[in-house]
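Colleague: If you scroll down you'll find the structure; I have some questions about it.
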Amino acid sequence: MEASSRAALVEVRARLDELTRPASGVLEKAKDRLTGQARAATGPEMLALADELFAVARLLDGQLSLRRALSDPAGRPEDRAALARRLFASRLSATALDLVETVARQRWSRPVDLVDAFMTLATEASLDAADARGELDGVEDELFRFGRIVAGDRELARILGDRKAPAEGRRALLDRLLSGRVSPVTEQLLRNVLTGPHVGSAENAIEHLSEAASRRRGRSVARVTTAVALTAAQEQRLAEVLGRLYGRTIGLQVTVDPSVLGGLIVQVGDEVIDGSIAHRLETAERRLAG
């Protein structure tokens, strides 16, 4: 996103935060009663809100003229909000409608950024639901594990990342894989993101969801690949060392892969520390060949 869209996204995320926390204090509760302000503060309410926002993203993705109308820089912000209200008032809850109007009031660099904004808002609302349900740790773990399954199954990764494949077919496949096996939040996130616009690499999309859950917990994630499983003490020590190195709390997501032979491969964000024996052997081989 360009600067204006990034600034707009900050504004709408702040509005989402206002609408998904319980009113605190007598004054705020009184103001809500006077203004009729709707909030989505419980787990079920936030799950429902996320479903609505994902649906808006899908609608806008397929309607270029609507995207343009709601982001037209030549129009007044209140006129765009009024248009959003006329179009969505009978189809959305009061909280979702408030967010659609808030989005329409902002200045966006490109109409397509509205789709990304609603995908972001929906993901945040879904993670809010996980937090409210006390399931954030479990959701992060389920996302990571499903990401490993996709990474290890080339055909599954191809199907889920195929933009030309019908969304209904991918959704039915995900229902078979996930239904009753994961949290409703995990299922909601994977079903909507992996069948939504601009999926690209399924593995990357899942990784971004896992990282979003980790950020919600106030930490960064180190993806660790090792030849053999680490003990609890080894994981704790590694997390402490990485925490000191990066200056923030680091959570580990560990994958066992015998092909690394020994040592560790650690990825934090875009940075990769490859201390595996396989990497050392490959480096030595290149030097000998040179």
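Colleague: Out of (1) touching a residue at least 24 places away in the same chain (Cβ under 8 Å); (2) under 25 Å from VAL193 (Cβ atoms), the odd one out for LEU97 is which?
Modeller: Unmet condition: (1).
Colleague: Just need a number here: residues in region 146-164 that are part of a loop (DSSP other than H, G, I, E, B) and in contact (Cβ under 8 Å) with a residue 60 or more places away in the chain.
Modeller: Total meeting the criteria: 0.
Colleague: Collect the residues in region 234-268 that are at pLDDT 80 or above, surrounded by 14 or more Cβ atoms within 10 Å (Cβ to Cβ) and in a strand (DSSP E or B), keeping them in residue-number order.
Modeller: Hits for region 234-268 are VAL254, THR255, LEU264, ILE265, VAL266, GLN267.
Colleague: Further question on the same structure: Which one of ASP61, ASP32 is touching a helix residue (DSSP H, G or I) at 6+ places or on another chain (Cβ under 7 Å) and modelled with pLDDT under 95?
Modeller: ASP61
Colleague: Here is a check on your reading of the model: is ALA74 free of Cβ contacts under 8 Å to residues at least 40 places away in the same chain, surrounded by fewer than 20 Cβ atoms within 10 Å (Cβ to Cβ), in a loop (DSSP other than H, G, I, E, B) and out of contact with any helix residue (DSSP H, G or I) (no Cβ under 6 Å at 6 or more places or on another chain)?
Modeller: Judged against the criteria, ALA74 is a match.
Colleague: Applying the selection to region 165-186, what residues are surrounded by fewer than 12 Cβ atoms within 10 Å (Cβ to Cβ), at pLDDT below 90 and assigned to a helix (DSSP H, G or I)?
Modeller: Result: GLU168, single match.
Colleague: Then there's this: Could you go through region 217-231 and let me know if any residue there is in contact (Cβ under 8 Å) with a residue 60 or more places away in the chain and within 30 Å of ALA172 (Cβ to Cβ).
Modeller: No - not one qualifying residue is present in region 217-231.
Colleague: Here's another thing I want to ask about it. So which of LEU99, LEU92, LEU189, LEU143 ends up being crowded, with 20+ Cβ neighbours inside 10 Å and outside any helix (DSSP H, G or I)?
Modeller: Just one listed residue meets the conditions, LEU92.
The values are calculated or read from the model by the stated rules, or taken from the named source; none is laboratory data. Not measured: the values here are computed from a predicted model. As a convention, Cβ positions derive from the backbone with ideal geometry for all residues, glycine included, and neighbour counts pool all protein chains shown.
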